[in-house]
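Step one of this worksheet: look at the structure below.
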Amino acid sequence: MRILVIEDEPGIARFLRDGLEEEHFAVDLAFDGKEGLAMALSSDYDLLIVDWMLPGLSGIDVCRRFRQEHAGVPVLMLTARDTTDDAVFGLEAGANDYIRKPFAFEELLARIRANLRSVVPESSVLEAERLRMDLKAHRVTCGKQEISLTPKEFALLEYLLRNRGRVCTRSRIIEHVWDIHFDADTTVIDVYINYLRKKLGAAGCNDLIGTVRGIGYTIAENRNEHDDERS
């Protein structure tokens, strides 16, 4: 999943980016309100983390303007303000949650996951036919056979499974799994899809990942109803 952090203190911004990337999130940074709002409106994010006090445009204004176009994307407000009135003001501006500085990263991570679950209920297990992915145990099996995946292979398969029944375009995959923008070379995706197919096939889960030529990849809800080509 992809997160935008809008924070003008470089040390805090990079701390958040590094910590979230270790948790397998793709993270973009913006260091002022105008830049952050432009990025939020032009790209596809699953969640925003916005500092209240920002140069150019305040976090409150970023949140209000963002809410005019994106009603369902969670926004977490970071601030050193500590009164109840401040919290209410931030929430009324459209924030979903309010976290006071200084904060423990573990608390922030828990709030992020809770807000993401409120948008898309998150199961700890993702399945497709005989394939089973246990997110808590970080374990993938086909039937009774365990499949060993690299972190990037795991993240790619998780993204496809979370979007089962939908076509995942190369641009969305490269942004959400590799944290690279849409104009990057996406041939790396084809390489990793090939790795995944070989590993899944060797375990007995053949032809699970379908190719939609010129667009991207999909794990269909019911593969018998689709005529996607497979490479």
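I'm checking my understanding of the structure. Among residues of the stretch 102-115 that are free of Cβ contacts under 8 Å to residues at least 24 places away in the same chain and part of a loop (DSSP other than H, G, I, E, B), which one is surrounded by the most Cβ atoms within 10 Å (Cβ to Cβ)?
Restricting to residues being free of Cβ contacts under 8 Å to residues at least 24 places away in the same chain and part of a loop (DSSP other than H, G, I, E, B), the top hit is A104.
Name the single residue that is surrounded by the most Cβ atoms within 10 Å (Cβ to Cβ) among those in the stretch 131-151 being touching a helix residue (DSSP H, G or I) at 6+ places or on another chain (Cβ under 9 Å) and not polar (S, T, N, Q).
In this case the residue turns out to be V140.
Quick one: which residue in E35, E106 is assigned by TED's automatic domain parsing to the domain that holds E9, charged (D, E, K, R) and under 12 Å from I6 (Cα atoms)?
E35
Given the options L76, L57, name the one that is over 23 Å from I174 (Cβ atoms), of a type outside the set (D, E, K, R), under 17 Å from the mean Cα position of the chain (by Cα) and not assigned by TED's automatic domain parsing to the domain that holds L135.
L76
The values are calculated or read from the model by the stated rules, or taken from the named source; none is laboratory data. These figures come from a predicted structure and were not determined experimentally. Positions of Cβ are backbone-derived with ideal geometry, glycine not excepted, and every protein chain shown enters the neighbour counts.
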